[in-house]
1. Give me a comma-separated list of calculated 3J(HN,Hα) values for segment B:108-114, in order, Karplus coefficients 6.51, -1.76, 1.60 applied at θ = phi - 60°, integers in Hz, x for any Gly or Pro.
2. Other chains' Cβ within 10 Å of A:108-116 residues: what's the mean?
3. In Å and from the alpha-carbon atoms only, list the Rg and Dmax of the protein assembly as shown.
4. To test your reading of the geometry: what angle, between 0 and 90 degrees and rounded to tens, separates the Cα axis of helix B:470-508 from the longest principal axis of chain B?
5. Can you list which of the DSSP-assigned H helices in chain A have a Cα extent of 15 Å or more along the long axis and an average Kyte-Doolittle score of at least 1.0?
6. Extension gain B:T584-B:R651, at 0.36 nm per residue separation less the Cα-Cα distance, in nm?
7. Quick one: if the Förster radius is 30 Å, what FRET efficiency do A:T25 and A:D92 give, using the C-beta to C-beta distance and rounding to 0.05?
8. B:A360 versus B:E152, label points 7 Å from Cα toward the beta carbon: distance in nm?
Amino acid sequence: MPWPPGFHAMQTPPSILSTERLEKTFAGGDAEAMVAAVRGVNLSVGRGEFVAVTGASGSGKSTLLHMLGGITRPTAGRVLLEGVDLATLDDDALAAIRRRRIGFVFQRYNLLPELSLLENVSLPLALDGVTPARCETAARAALEAVGMDHRGSHRPDELSGGEQQRGAIARALVTDPAVVLADEPTGALDSANSSRVVQLLQRLVAERQQTVILVTHDPAVAAAAGRVVRMRDGQVESDSAGNSRP
Amino acid sequence: MRLRGLLVRQWMRRPGRALAAAASVAVAVGAAVATWTAADASRQGFQRLTEAVAGVPTIDVTARDGQRFVATAVPRLVDVPGVRAVVPLFYRPSLLRVGENRLREVAVGVDVEALVSAGLLALESGEPCREDDELVLDATLAKGLGVTVGDEVLFFARRRIARMRVTGLAATNSLRWFAEGATVVADIQVLESMSLSTAEVDRIRIVLAPGAAREEVLTAVSGRLPEALVADVPAGRASLAEDVLHSANLGLDFVTALTLAMAWFIVGNAMLMNVAERRRGLSLIRVLGGTARQVRRLVTVEAAILGGIGAAVGAAVGLAAAGPISAGISRALQTSAGGVAVHPLLVPVAVALGIVIAVAAAWWPARQATSLDLLEGLSALPAEPPRESMRGLLLAAMVLTAVAFACELAMAFGILPPRASVVSGVVLLLAFVAFTPFFLIPLVRFLGGFVPSRWRIEGRLAVAQIVRQPIRTALTAGVLVVAVSNGIGLGHAIRDSVDDVLGWYARMLKADWVLTQAGALSVSRQDRGAASRAMQDDVGRLDGVADVEGIGVATGRISGQACVVIARDLPAGLPLPLAPVDATEADVRAALERGEAVAGTVLAQRTGLKAGDAAVVEVFGRKTPIRIAALVVDYTSGGASLVLRRDAARRLFGMEAADVLLVTAAEGRAASLRDPLEVIARSHSMFLRSYGDLRGFIDRIVSGVVGSLWSILGLGFVVGSLGVANTVTMSVLEQQRSLGLLRAVGMRRGQVVGLVVLQSMLLGAAAGIIGLVSGVTTALFIQFASQPLLGHPLAMHIRPGVVIANLLAALAVTALAAWLPARRAVKLDLLEALSTE
């Protein structure tokens, strides 16, 4: 999908997604206590990169991912997606970015139970005002890309966890986003399904030059990425090439 | 797929939720239509009852000297705003001979044809009299005599004895407002001519248009009259009925407004739950790129569609219920049902209102849903209400309370009319509902402590569930708060007002038999004094009579205000029939014996009179100063009355005659007095009624009015119950996953049902307590508001029966409302329940 109207085309930056001194602080249970979930993270991700963000629980990896996707705003610092600072955008513009330039994959799939898989996949396009016919064509293509085209008419509760997650990946891809952000996409899956999902993401990166940033605490999944960013106490502890890096 | 499609899919997947939301609007609109129609039926019933008791509302134009006057001396009055008809009246006592029966009757001369065509005189059969030898008879009298249309009777007039043909039989009720006991109706010119009183009339009775303010018309008419004529509210007419009905109308306005407020809560709650339950889904749409506007549009479009469907169903159900409700109210008022009159705009307005309320109610939760942090929205845990919302609610509650109290003070100082009490009462109730979230949680925790130990776990979980959702549970509780407050507040106010009126009536009219003057009220004239004294003596001499008290009634004026002057014998041996305010009975009796007067509290309120003041009273054109010894609670002519002893009235105003005789029988002799009193009554053109008849008559009015108010209150409670049932059903639907979890960890089905019922009952009990406080405050508000109307404070009595009945009803409603959906929820397959989103 193109950039939403009103966004000025910029010269393609060397990185597709980057952060500058990114910080996020939450109010703790006690009103006085503040918890710094992310502290001064600088990160740069290039087109077609497959990045795994790992770390222990509470290390700030999911918060980092949510800021990268414009789901939550940073307390300080900047997130630049294709050169645009997400912090400068109002809610509607941010929604447009999420709709067109970012694909999300969640641990719990987050498919709407009342819609068929095909309708779930086409939802970001429908929200963008795309005609039903074009929505359906694009959704079918996305489902085909993840090998789920035969299950399009089924509702989420009629699918296995692995199938639902592949459907969720199709939904993330349907708008041809700049980046796919996956938050523990294999966290709710058995090892066989987990492996299929990881292979699917690898294939997308290889065949479509799709940028994927994945948060996981599973070393096996992280090992599949080309680059592994390890977080600890809200900071990047290490940033290294993964096992699968060519 | 468009977002509309998403809505349809959501309804298909969770039809219960959509149905419950639409049902809430149906209940609200149905309630509005049914309450409105029922209130309308009550008002019409009250109107018919008033007309049956006191006749249509009127004003009389009479000569200041109490004599007859020439009709042409009266200027044109029919164009005065609020005047429906101007009716000259001429009364003539006469003799009627029908076969062998000779009857002393009063004839009234009017323009019969005009009255019939104006709908002011109803003929049971026949047609109006038009010729010189025609007349119309009271249908009851005619039936007693066996006279039918076309028969001839002999009519004895001053000039001649005429053989006259009966052309029509008039319905007795329709004669009451002008006939003053007359049973023969003739053309006014014919009767005047037969009585050698050409162009003279006793009075001109002005019939008010429906809804016209009597005081305003009185002022306008008075402004046009020549000095020799005076306009007044007819003296001695049954204004008691009007007062009761006036209060009842105020009560009707109150109940209608509160039912509408309750309807709003029901819809608001349903919409809030409908949106809150889909918080995750709505947040997901936003995460996937849906804008806040799109989500809000989705929610409001849904509300409009569900609101429209619900409103159409509700309007149909409300209309279907209106018929039986109106018929029931007519039965309660013992008046003929006037048919269900539905204003043509009622249904379209109700449907539009349903849609508007549904959209307005969905707007706030939609706003909340879209301003929620996306991560919070995606989490499985319910969001706590934002602190700003709670602060805003507290502020709103405080502002509403201040507005309600300001309204009351403005009414107390006469800046606002008493009718503003409806607004202030509703505002106060809204304030209570706004305070509910702050009181509800501590109350529920407190009540949770009383749950028996065998249900300790269920009790603890029930409290936790309520505490988790303070705003939503407060809205559900709000419906109950309104219903209970309505029942307790109006229940007390109605009973206290009725007791006040009945207490006054019992004090004022203590006798076994009551003789009232029939005919032209010429009793006020001095020339009737001797005859009435003779009659009082005749009655006093009857064997078995212990005491006879004469009461004279005349219209008067004080400081330009119309009043009724009541002259009573006030025998020393009988208790004082007055309730003095801030004075002892002994002092009042002594002052009356000195020739002073006491003023009704309403008259004092209107004229600014206080005990100890000297007032100038105008009666029969004569102005006389008199000292006001004290103020008394009185409902005669709306409390605008001046009471004094008959000897003083005779001396000061020339009031000689007695319009009413109260006859007290010796012990055990009451029944034996009927026949001799009947004879005396007929010979003096008076009506004889037993105290029992009169008491029954008053009781009929009061119980009818109270019954109709209770039935509308009951309707409000039914609406509240339906609303609570609906919201509890939605709440159980929403908890399906939690309930499934509880069963998964080993809770038995019975325990889960118990938990849901307990949760609902705790809510009912807490709402009942808040409703009790609100209801008592509302009752105090209503009584405070009636003070300017009545001129005296009403005593407020807490009635345990009313309180307990309302609290028990609240508990029963909540228990029943929860039981059915809880049973359904536990029957659900465990896996299905656990997978509920």
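1. 10, x, 9, 7, 4, 4, 5
2. 6
3. Reported Rg and Dmax, both Å: 40.8, 135.
4. 20
5. The answer, listed by residue number, is A:117-127.
6. Gain on extension, B:T584 to B:R651, equals 21.6 nm.
7. About 0.70, to the nearest 0.05.
8. 7.1
Read-outs: derived from the displayed coordinates by stated rules, not from any lab. Just so you know, these numbers come straight off a predicted model, no measurement behind them. Methodologically, a virtual Cβ is constructed for each residue, glycine included, from the backbone with ideal geometry; neighbour enumeration extends over all protein chains shown.
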